[in-house]
1. Collect the residues in segment B:113-134 that are hydrophobic (A, V, I, L, M, F, W, C), within 27 Å of B:H303 (Cβ to Cβ) and assigned to a loop (DSSP other than H, G, I, E, B), keeping them in residue-number order.
2. Could you say which residue among B:I115, B:I107, B:I129 is modelled with pLDDT under 95 and β-branched (V, I, T)?
3. Looking at B:D274, B:D244, B:D285, can you tell me which residue is part of a helix (DSSP H, G or I) and modelled with pLDDT under 95?
4. Say we look at segment B:135-160 and pick out the residues that are open to solvent by 40 Å² or more (accessible area, probe 1.4 Å), touching a helix residue (DSSP H, G or I) at 6+ places or on another chain (Cβ under 7 Å) and part of a helix (DSSP H, G or I); which of these is farthest from the other protein chains (Cβ to nearest Cβ)?
5. Give just the number: which of (1) touching a Phe, Trp or Tyr at 6+ places or on another chain (Cβ under 8 Å); (2) away from chain B (no Cβ under 14 Å) does A:A228 not satisfy?
6. From the list A:G111, A:G74, A:G52, exactly one residue is loosely packed, with under 15 Cβ neighbours inside 10 Å and at positive phi. Which is it?
7. Which one of the conditions (1) at pLDDT 95 or above; (2) more than 25 Å from the chain's Cα centre (by Cα); (3) not aliphatic (A, V, I, L, M) does A:R183 fail to meet, given that it meets all the rest?
8. Residues in segment B:37-45: is at least one open to solvent by 60 Å² or more (accessible area, probe 1.4 Å), of a type in the set (D, E, K, R) and more than 9 Å from chain A (Cβ to nearest Cβ)?
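The values are calculated or read from the model by the stated rules, or taken from the named source; none is laboratory data. Since the structure is predicted, the reported quantities are computational estimates derived from the model, not experimental observations. Note that we place each Cβ from the backbone using ideal geometry, even for glycine, and neighbour counts take in every protein chain shown. Accessible surface areas use protein heavy atoms only, side chains included; no ligands, DNA or RNA. Shrake-Rupley method; radii C 1.70, N 1.55, O 1.52, S 1.80 Å.
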Amino acid sequence: MLFNSYPFILLFLPIVLAGYFWLGRHSNLTPVIWLALASLAFYAIGSWQFSGLLLLSIAFNYGVGHLLIVAKLGASQRKAVLALGVAGDLLVLGIFKYAGFVTENLNALFGTHAAVHILLPVGISFYTFTQIAFLVDAWRGRVAAYALPHYALFVTYFPHLIAGPILHHKDMIPQFEREETKRPDGHLMLCGVIIFAIGLFKKTCLADGIQPLVALAFEARSPSFDQAWCGALAYTFQLYFDFSGYSDMAIGISLMFGIFLPVNFNSPYKATSIVDFWRRWHMTLSQFLRDYLYIPLGGNRRGRVLRYVNLMITMLLGGLWHGAAWTFVVWGALHGAYLCVNHAFNALVPGVPGVLAQPVRIAGAVLTFLAVVVAWVFFRAASMEWALRVLHAMADPSNIVFDREEIAALVLIAVYAALVWLAPNTQALMGYDHDNRRVGEALRAGRMRPLVLYGTSLVLAFGLLGIQSHSEFIYFRF
Amino acid sequence: MRGAFTYLRRLLLASIVCVLGAAALTYAVDPLQLFRSSPRAFYSDDTRVQNAGLIRSQPFDTAFMGTSLAIHFRQSDIDRALDVHSLKLAMTGSNSRQQAFVLERAIAHGAKRVIWEMDDFIFVDAADIETDPYLSVDLYRGTAKGIASYLFSAAMAKESLFTLLRSVPPLRQPLTRAAPYLPVKFALSDVDDIYALPRDFDIARDYNATKTLASFAYITAPSRSRFLGESYGFEAMVRHFEQDAVGLIARHPEVTFDIYFPPYSILQFVAMRDASPDTLKIVTDLTAVIAQRLTQLPNVRLHDFRGIKAVTHDLNNYGDVIHHSPVVDAMVLKWLAGGEYRVDPKTPTASLEQLKAQVEVYRLPKP
């Protein structure tokens, strides 16, 4: 089921909200069970054939986690249980996500013709990572025993299930346990609707609106210089509005239930360096990779060379997490290399004179944006050959068309660029403070209330009018 | 707390008002001319949507159908050459199911003659028209669902707003001039300009032997040659032809169908000969069946332009191996008017045999 669909907005969401708060009058546990069941229904409506796999995965991880938390095991036994749990998760992910890719490469190496056709279960990358983090923390002794309904809801919670944000049990389960979240809070509801409206508008009007321009580069046999740049920039903005729109909708929906989700985007294209970019883009994935991969690998504690090696490994695996294709590996490798260069530069040039600070920041922002756009070409292209063709066109200014269509595309891209660089992001607009569980304090105080309300009504109206018959989120594929 | 719920109600009510307001604006402006025709209307290159409005709003007695091979024709040129009142409904990348559906609607709205540029590849994949995501049958039929999807649409509201702004006298001239360069769909002030190339278009830049040969090299490269015949299947293509083309023609004996096989460059067939001979066989077998079937139907005149060497062997006429220049468009109209390449019902495959012979002996020009 899609957030940007009439059945979800007009039927599913109101019914689940009504049931949740009605049950909340009588008990603190039944709303949790209701929400977990509703989340499973949400998943099954779109991917019923993989519901069993999701339930199995929950049961397996809950069982392994329970062993780590409750059972009295020795250190080596605990390590073995953790290894079993993580290996089980990675094995399932490997089979469903990477078996085809591995077979394809073995075929290419040995000239064989083996074929593996396995459908990718929606959301598997997200719920696998979420649960691996749970197991590792259970092994580290940082997890209290959770009840099964709360754990099941933590994994399946429908606002985040398909495409994140990647949640942390420590952040979510205590919120599910709180009694206050079972009572409807008008202010949180209002803020939730506003944030949802912004996300819906981002998706249906902005992301879907610029999507046709992507074809200029990625569906043309031989794009010109301007077409390749227009297509690559269009995808850069499409991906941002698509994914950040989804994240806003997830945060908004969750807020209606009184639950605060972590922020996933913080104006990433305003980043002044690649390090800064990764603190702003898909933030929950970056945090996961840092805490559960980069730091366990040694992080920056074992000298400069190993730090770069760890960065490369982390980003390569981050690339592979997005998809089983060499284009994603190259995308990850590029970002790994960018990060290494960034850290090396910081080590070599520790300080910039005050007078140069602003120009250096602007140059850094421009360079970072261009580097990100180049990497997105690999992320979007159907194959390496196609990516190289687009990049080749982007580097060949002698072949320019600049006709009616390209000029119109450029105008639209300029509008999106202005939005991305000049407009505040959703959490800044709404004063969303995940850590302190606060949102919309300015709205509550009455400052600019009519402007916000009527502005939002227009945004919500256009978001609803922009709903097309079926427009999936890009990150559903990962 | 109660205040917050009041604001929430207000927000939702205001949203409903905005939605209804946007629908009312689209209804009043009616950019697609679904409800009423307007002499001050503007037109869009999005032909799968635009055609639904054209069929309802334009006067015509002849419908002109095809794929990208027929997209650059101007209605005024067609009218002049064939002495008709035409409506161009060609759609890039369209399949036989879509073409037959749109033609059926055009016939229902008064077309007495159909000129149909018929490619073999339109019969490859003809998905169910009722669930076709690229062409809204409800919009063409004017059902409640189709009208609702038109009125309750952010894209149409945006277009209506732009049209409204353009109707303000001081803004009319600058916005009309700027429209083709802005991200709006309804930018063309003349129906004749839909997908037509500008009069001052640099033909030699876009149509020349260099581009044609580059395209040939591209599609015949070993890594891509398998795509030449992708999804081609003789039985399925014949079935689609029978259902879409013969079915439509048989249902409308009162309509005259001028159907033509377009003048692809010889390289289109040579590419198949060299890189995918099975595909070439399917194409020639299929067009043999088409020629035999169509020439037996009393309301069909079939024209075969594929073997006109003077055109198809001159690679400067093409932008790739199939798409010919506007110069050839004009020739096509002349040939249709003169009827000199009309297929003789007694020897329906004679022109095909000539083409086969040409393909067999053709050798690529040396670089």
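1. Scanning segment B:113-134 gives B:M118, B:V124, B:A126.
2. B:I129
3. From the options B:D274, B:D244, B:D285, the qualifying one is B:D274.
4. Of everything passing the filter in segment B:135-160, B:K145 is farthest from the other protein chains (Cβ to nearest Cβ).
5. The single condition A:A228 does not satisfy is (1).
6. A:G111
7. It fails just one condition, (1).
8. Looking for residues that are open to solvent by 60 Å² or more (accessible area, probe 1.4 Å), of a type in the set (D, E, K, R) and more than 9 Å from chain A (Cβ to nearest Cβ), one finds at least one in segment B:37-45, hence yes.
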